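The values are calculated or read from the model by the stated rules, or taken from the named source; none is laboratory data. A quick note: this is a predicted structure, and the numbers were derived from the prediction, not measured. Cβ coordinates were reconstructed from backbone atoms using ideal geometry, including for glycine residues, and neighbour counts include every protein chain displayed. Calculation scope for accessible area: heavy atoms of the full protein, side chains included, ligands and nucleic acids excluded. Shrake-Rupley method; radii C 1.70, N 1.55, O 1.52, S 1.80 Å.
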Amino acid sequence: MRFSVVTAFPDFIESYFTTSIIGKAVQKGLLEYDVVNPRSFAEPPHNQIDDYAYGGGGMVLKAEPLARAVDSVKSPDAKVICLSPQGKLLNQALVESLAKEKHLILVCGHYEGIDERFVQLYADMELSVGDYVLTGGELPALIVVDAVSRRIEGVVGKSSAVEDDSFAKGLLDHPHYTRPSVWRGIEVPEVLLKGDHGAVARWRRRESVARTLSRRPDIIKGAFLTPYLEKGLYVVLGDASKAFGEDEHLPDDVAIKLLKNAISIAQRAGCRKVILILKQVTERHRVRHLLSKLKETEPDFGNCDEMVKMVPDIAKAFGWIREKEKEKPYVVALSSESKGNEVDWNELKIKILGMCRPVVFCFQCPVERSADVCLGNPLGVDYERDILSGVDSIAVALEKTIGFGEKRSSHWEG
């Protein structure tokens, strides 16, 4: 990763790149940096980089010195970021996306701001680090450098330290303790002293959830919840006979596409199984055959048969989950017959996060009355007529409530 910082105060930036973890990463060759002063590209004799704003107001950074400064360091892979209160708000997902770039040019605003024409012609993105006012863009630029650098392999000694940071998975971090075990009358939680790694992991997960629920419930909306669930996550497709039955069924290529989409969605959400309700033995034989063909044609789906379980009815499905998880499942039912969506998705996320039960998303299953919550079909399609869109509906419901572990959208779009 290469950082180029365009600033009228280069000493402020230089000291940061020679200090602590970032300084060591530079020495190891993991990070490269340039600090560019736009005064070096301003017109003599005064090398002025700012001027009065048209229409009145304070001083504004001039476009030409900034443009020349950026041009002096710009590479074919460079992305130019202007630090600005008007920009997109920095968050962990954006940090991880920026860490995939090869070269970031960070332009530090100052005074009243930057000539808008430079922003129009040069900036790939405007970025803000928070809804407050600072005297310049130098501190925001260093925040970007620090946050992004942590995602570069090797910069932080242990990768687990980065993965377990607050916001890395979506929620706040758990509490941390070190020696002595008792300090000013406060003891370290006993579970951390016994050496049971499984118990420690469960404690940390629960504490992370509890902290987030009490301190920052707002961030749960965009979090990926599966790593924090106490029990497993499952998807049940009812009436799967409509896809795989003997009388009326989908052609093989369409049925394989259905299986592929369902498995892919379930894996991204962190589900343990996709459960198909298939009454007839012949239907289950057909699904096994289709899964074998999927494994042959799609190398990435080599374990697809392990993701799918087939049962004759919904009672068997719930019974199998309950036996496996040692707990009654929390049932979220989606039905094409329901009108509208009456649930607050974020409230449902918080409820799921705070419980210790396996969670099951059921589609077109006769469980509306016994379900813990019944949702209208998020896409409004008729599952009986369009089974593929039914799977898409499950994808929308999972993303709204559980989230997906892998985001594919580009941060440069828009």
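Here are some notes:
- Scanning region 67-124 for residues that are under 22 Å from Pro10 (Cα atoms), in contact with an Asp or Glu (Cβ under 8 Å, 6 or more places away or on another chain) and without any contact (Cβ under 8 Å) to a residue 40 or more places away in the chain turns up just one, Val119.
- Where a residue in region 132-158 is farther than 17 Å from Lys79 by Cα and its partner, wherever it lies, is in a helix (DSSP H, G or I), with Cβ under 6 Å and at least six apart: Glu138/Phe12; Arg150/Val162; Arg151/Glu96; Val155/Ala25; Val155/Ser149; Val156/Val162
- Being open to solvent by 50 Å² or more (accessible area, probe 1.4 Å), more than 23 Å from Lys273 (Cβ to Cβ) and among the β-branched types (Val, Ile, Thr) is not true of Val188.
- Phe404 vs. criteria at pLDDT 85 or above, open to solvent by less than 70 Å² (accessible area, probe 1.4 Å) and assigned to a loop (DSSP other than H, G, I, E, B): yes
- Evaluated against (1) open to solvent by less than 20 Å² (accessible area, probe 1.4 Å); (2) within 20 Å of Gly23 (Cβ to Cβ); (3) part of a loop (DSSP other than H, G, I, E, B), Gly130 falls short on exactly one condition, (2).
- Those helices (runs of 4 or more DSSP H) of region 1-117 in which 3 or more residues are out of contact with any strand residue (DSSP E or B) (no Cβ under 7 Å at 6 or more places or on another chain), closer than 30 Å to Ala223 by Cα and open to solvent by 30 Å² or more (accessible area, probe 1.4 Å) occupy 92-98.
- None of Gly87, Gly56 is within 29 Å of the chain's Cα centre (by Cα) and of a type in the set (Gly, Ala, Ser) except Gly87.
- Which numbered condition Gly57 fails, given (1) over 20 Å from Leu142 (Cβ atoms); (2) at pLDDT 95 or above: (2)
- Residues (open to solvent by less than 10 Å² (accessible area, probe 1.4 Å) and under 23 Å from Val360 (Cβ atoms)) located in region 210-234: Ile220, Ala223, Leu225, Gly232, Leu233, Tyr234
- Contact map, region 182-195: residues that are under 17 Å from Arg206 (Cα atoms) paired with residues that are surrounded by 10 or more Cβ atoms within 10 Å (Cβ to Cβ) and among the hydrophobic types (A, V, I, L, M, F, W, C), Cβ distance under 8 Å, separation 6+ or inter-chain. Pairs shown: Pro189/Trp203; Val191/Ala199; Val191/Val200; Val191/Trp203; Leu192/Val200; Leu192/Trp203.
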